[in-house]
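*Asks:* Sharing a structure here in structure tokens format.
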Amino acid sequence: MSAVLVSVAPRPHIAWSDRLAQAALLGILLLLAVGLVAPLLLILSQALGGEGSRGGLGNFTRYLASPALLQSLWHSVWVSVLVTLIVLPLAFTFAYAITRSCMPFKGLLRTITLLPLLAPSLLSAISLIYWFGNQGVAKEFWRSLGFDGIYGPSGIVLAECFAVFPHVLMVLVTALTLADARLYEAADALGTSTWRKFFTITLPGAKYGLISAALISLTLVATDFGIPKVVGGNFNVLATDVFKLVIGQQDFQRGAVVALLLLTPAVLTFMVDYFVQRKQTAMLSARAVALAPRPSPGFDAAMTLFCCAICALMLAVFCMAVFASFATLWPYKLAPSLVHYVSGLVDAELGEAFVNSLKLAAGTSVIGPLVVFVGAYLLEKTRGLDWARPLIRLMAMLPMAVPGLVLGLGYIFFFNAPQNPLNFLYQTGALLVLCTIVHFYTTGHLTMLTALKAIDAEFESVSGSLKVPFYVTFFRVTLPICLPTLLDVSRYFFINAMTTISAVVFLYSPETKLASVAILNLDEAGDTGPAAAMAVLIAGASLLVTMLYLALGKLVEKRTQAWRTPTR
């Protein structure tokens with residue numbers, strides 16, 4: 001008999017450093033599953049709950065049969081579209097002036113447009129009350145335009161335009177910056193008119209940026225909660241309906257139904273933007289020439305006047321809130337004093353709420369960038385766990401399509417469940433940090449991926465061939481190179497944690513009350529002055545921290561980015 005020898009190939013040895021990377025990747029997967037997927041599934045379960053005809057899709061049928069709630073859906077749609085139709089051409093013209101003209105003070109004008117990012121969206125609504133409210137300084141002018149008052153759709157549209165403008169502008173500035181001067185030189189050689197160059201070169205080159213900017217505007221307005229709550233009056237939208245159903249009526253099932261409807265426009269815009277980005281082609285090739293604007297006295301003067309007018313309107317909104325916060329008794333005694341700050345921080349005992357906001361922002365700005373950076377690094381620079389990587393990529397992009405109110409409501413259903421072992425986190429500062437990180441995860445993730453993709457993969461290949469653990473390469477090469485981007489992401493998390501309302505309005509307790517939520521409560525109680533003071537405090541803190549980040553960024557660039565400076 002002949003013996004048959006069967007050789008068994010040994011399993012490939014996996015280094016302990018690779019196991020560590022895979023364990024960390026599973027940790028990111030678990031974090032996103034607990035902080036995002038599970039709460040959303042609980043909302044879906046709650047919305048479809050019930051027995052027989054009282055459950056399932058019947059819940060949505062009954063909602064759509066309600067004239068009042070159906071009207072809120074229509075209000076959200078047309079207000080979002082109207083704001084987008086107003087903001088998009090204004091922001092495009094401003095971006096065109098910055099990128100295609102030689103107007104003076106570009107840096108200053110661009111900086112002024114960033115002011116709405118430093119304060120809660122409530123600030124613009126409160127400021128409009130002082131401008132056009134029942135005791136506003138320009139209420140007669142507002143009524144002469146045909147508006148009955150600032151409370152209602154007109155106030156929402158005006159305040160949303162102020163709040164959304166910088167978001168749209170950032171996208172359009174980027175879109176118009178990516179232009180090849182050779183196309184314009186060829187058009188000039190052929191004697192093409194200025195308007196024809198605009199419609200055949202500029203607009204087609206910026207069309208994907210325009211689409212993305214429009215989708216961002218639609219999503220931000222449709223899902224915003226603070227502005228409709230302050231100046232909406234009896235004009236209901238989906239976001240305020242969710243708040244009233246959950247907080248006012250304790251009707252969590254109908255709240256979940258409305259939350260899913262609120263999720264729909266955000267998901268649709270996210271999907272459209274995703275397919276649009278897939279069709280987008282590179283605007284700059286390796287041989288492209290950067291477009292440098294040429295001086296044109298008439299055009300530059302017109303663009304300067306336009307941008308100054310936009311900035312004047314934004315400063316009028318912002319400065320009115322600051323002025324009103326110091327006015328002793330509006331509108332009878334306008335002498336400056338600290339009475340509203342004392343009333344808010346001391347008498348109303350909201351100093352603790354402001355400190356809580358600073359704690360939340362500090363925790364989010366430290367933990368958030370680390371989690372985002374590690375997750376992006378493990379996805380981009382390590383191997384293994386091929387089954388988990390598509391799931392993590394999908395979950396990392398999903399927060400962009402989830403409104404804050406929906407996420408916060410999902411956290412109630414998930415973390416407040418008695419059988420959940422994580423129930424101890426409910427109404428704690430740790431849960432607020434987790435919710436805020438997840439809410440703003442996508443932007444930080446995409447930013448870090450962009451920075452990591454710019455680093456040649458040869459670093460990891462050489463490290464692997466030399467048997468150097470991945471974490472050594474991470475700390476010695478990748479982290480120093482990406483440190484400026486990491487600081488930008490940290491600043492992004494800090495400012496958004498200070499100004500967020502919708503994501504945390506359902507989750508705070510008396511011990512973890514936040515300054516942004518306190519503004520809402522003060523306005524509901526009729527204390528508009530202290531509410532304005534608290535909004536100004538948040539904006540001041542955000543501005544101060546932004547300046548500190550800029551100084552720290554200069555120091556970091558000097559210490560870690562010297563290799564970028566060409567040697568002579």
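Every number in this text was worked out from the coordinates using simple rules, so none of it is lab data. Worth saying up front: this structure is predicted, and the values here are computed from it rather than measured. All Cβ positions, even for glycine, are placed from backbone atoms using ideal geometry, and neighbour counts span all protein chains on display.
*Asks:* With r as the distance between the Cβ atoms of Leu422 and Leu329 and R0 = 56 Å, compute the FRET efficiency 1/(1 + (r/R0)^6) and round to 0.05.
*Replies:* Efficiency, rounded to the nearest 0.05: 0.70.
*Asks:* To one decimal place, what orientation-averaged projected area in nm² is obtained for the convex hull of the Cα set of region 66-319?
*Replies:* Convex hull of Cα atoms, orientation-averaged projection: 16.4 nm².
*Asks:* A further question on this structure: Report, to two decimal places, the Cα Rg of region 381-457 normalised by 2.2 N^0.38 Å (N = number of residues).
*Replies:* Dividing the Cα radius of gyration by 2.2 N^0.38 Å gives 1.35.
*Asks:* State, to one decimal in nm, how far the label point of Ala388 lies from the label point of Leu20, with both points 7 Å from Cα in the Cβ direction.
*Replies:* In this crude label model, Ala388 to Leu20 measures out at 1.6 nm.
*Asks:* If packing is taken as the average count of other Cβ atoms within 10 Å, what order do 352-359, 225-232 fall into, highest mean first?
*Replies:* 225-232, 352-359
*Asks:* Strictly over 22 Å apart at the Cα level, which of Lys207/Lys381; Lys106/Lys139; Lys244/Lys513; Lys229/Lys513; Lys139/Lys229 would you flag in this model?
*Replies:* Lys207/Lys381; Lys106/Lys139
*Asks:* Same structure again: Length gain on complete extension for the stretch Thr61 to Ala312, per 0.36 nm per residue less the alpha carbon to alpha carbon distance?
*Replies:* 85.6 nm
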